[in-house]
Ligand SMILES: Cc1cc2nc3c(=O)[nH]c(=O)nc-3n(C[C@H](O)[C@H](O)[C@H](O)COP(=O)(O)OP(=O)(O)OC[C@H]3O[C@@H](n4cnc5c(N)ncnc54)[C@H](O)[C@@H]3O)c2cc1C
């Protein structure tokens, strides 16, 4: 058993940590206010060959492992949650299904654009009436002499305004239930395809969250991702991997909150002592440190299992569930340690708190993840 990161992982961690501190963090508060998407950050990440990090070098990726992806996602999220979710979705929701289920031709055409950063990656699963119950998808696709005709809508889709195509699910055979759902690769400039980015969100303000409207959108037969009828199975597998990304995001945000709280507790004085001298504050910080340590280990373990070809559904669900709850409690306590200042934007911890809230919802709510874990332990 070896808890050390490899040399490559350590070098990547050092590089992305510096990048996060020097390039991502300085504009994070401003972007939170202006809701500006971090395009410039991602241009630089493309130059550093990070946009296709875990994908095959054959398609322009860097051929790194899932732990490396978790490291990058954690560090970006420590600096800016919006940058973290954009990256996590780009890789694990946008690129991963193409890498896992795409044909050689699809990988050459589409995955390569994800790896180069020419297109952001996105994945359209959720619909207004089908979120946790994604089997209840209503978007439909009908095959005729001219290819597939897709009609329907998707909601809350990350990155779609910056994607030139995305994979989305549609019902191709109503009679077959979950086995009648198919994933399609759809260019976002297809006639009849509209991407709207009008949501007013609680946090993650500079990430791109969109609604998709598909009115008689045509795609050729070869745009089926993998096999017809396998869309449901594919998105369950995709979400297993995505949960490692959300877990890593949660660790990053929790770490940022803890770092700020520890620094503040040492500087701020009350009753003639620094806050860090009060046992009540020390215990909060000790709990934060312990929980972050455990959450990071859980994320790394799920990543390790995935990279070693083992089953990781349970561990990814546990890591995402636990880490997202740690992010909520760490950001909550970081505000508490800052007192009234914690409630003010200037001190950043309120941004971390708002950004963290999504992590208990996206890619499987905490309730659904407990269902997944219960199923996995044989309930
Ligand atoms: C910022 C943001 C980004 C997102 N990005 C994407 C994306 O890129 N692609 C994408 O496809 N989706 C995306 N989503 C959607 C997200 O995955 C869904 O919001 C999530 O899966 C929950 O679905 P829902 O909102 O329909 O809630 P619902 O499924 O309606 O759930 C509402 C509540 O009921 C509970 N509930 C539902 N079913 C059960 C059950 N069986 N047992 C117990 N409790 C239950 C839920 O846990 C929740 O508390 C994003 C969402 C947000 C907010």
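Computed over the chain, the per-residue total of -39500 (n - 2.57) for DSSP H runs of n ≥ 4 gives a 222 nm mean residue ellipticity of -15000 deg cm²/dmol, rounded to 500.
Taking the number of Cβ atoms within 10 Å of each Cβ as an exposure proxy, the fewest-first ranking of 283, 205 is 283, 205.
Got a sec? How would 85, 361 order by Cβ neighbour count within 10 Å, fewest to most? Let's see the in-between values first.
On the way: 85 28, 361 16.
By the 10 Å Cβ count, ascending: 361, 85.
Seen from every direction in turn and averaged, the convex hull around the alpha carbons of region 244-379 projects onto 8.7 nm². Computed over the Cα atoms of the chain, pair by distinct pair, the Kirkwood hydrodynamic radius stands at 21.1 angstrom. Protection proxy ranking for 123-136, 291-304, using the average of other Cβ atoms within 10 Å per residue and placing the highest first: 291-304, 123-136. Cα centroid distance between region 198-258 and region 149-183, in Å? Centre-to-centre (Cα) distance: 11 Å. A prolate overall shape is assigned to region 47-86, the ratio a/c of its alpha-carbon gyration tensor axes (a ≥ b ≥ c) being 1.5 or greater and a/b exceeding b/c.
Subtracting the Cα-Cα distance of residue 375 and residue 104 from their residue separation scaled by 0.36 nm leaves 94.1 nm.
Calculated FRET efficiency, residue 237 and residue 365, Cβ-Cβ r, R0 22 Å, to nearest 0.05?
0.70
As a calculated quantity, the FRET efficiency between residue 283 and residue 194 at R0 = 41 Å, using C-beta atoms, amounts to about 0.20. Sorting 249, 328, 11, 1 by the number of Cβ atoms found within 10 Å of their own Cβ, with the fewest placed first, yields 1, 11, 328, 249. Extension gain for residue 30-residue 270 works out to 83.3 nm (0.36 nm per residue, less the C-alpha to C-alpha distance). Rounded to the nearest 0.05, the FRET efficiency derived from the C-beta distance between residue 43 and residue 129 at R0 = 41 Å is 0.65. Could you give the angle, 0 to 90 degrees to the nearest 10, between helix 366-376's Cα long axis and the longest principal axis of the Cα atoms of the chain? It works out to around 70 degrees. State the Cα centre-to-centre distance between region 68-132 and region 321-371 in whole Å. Value for the Cα centre distance between the two parts: 23 Å. Seen against the Cα atoms of the chain and their longest principal axis, helix 313-338 is set at about 40 degrees.
Each reported figure results from applying straightforward, stated rules to the coordinates on display, with no laboratory input. Every value quoted in this text rests on a predicted model; they were computed, and no experiment measured them. Note: ideal-geometry Cβ built from the backbone for every residue, glycine included; neighbour counts use all protein chains shown.
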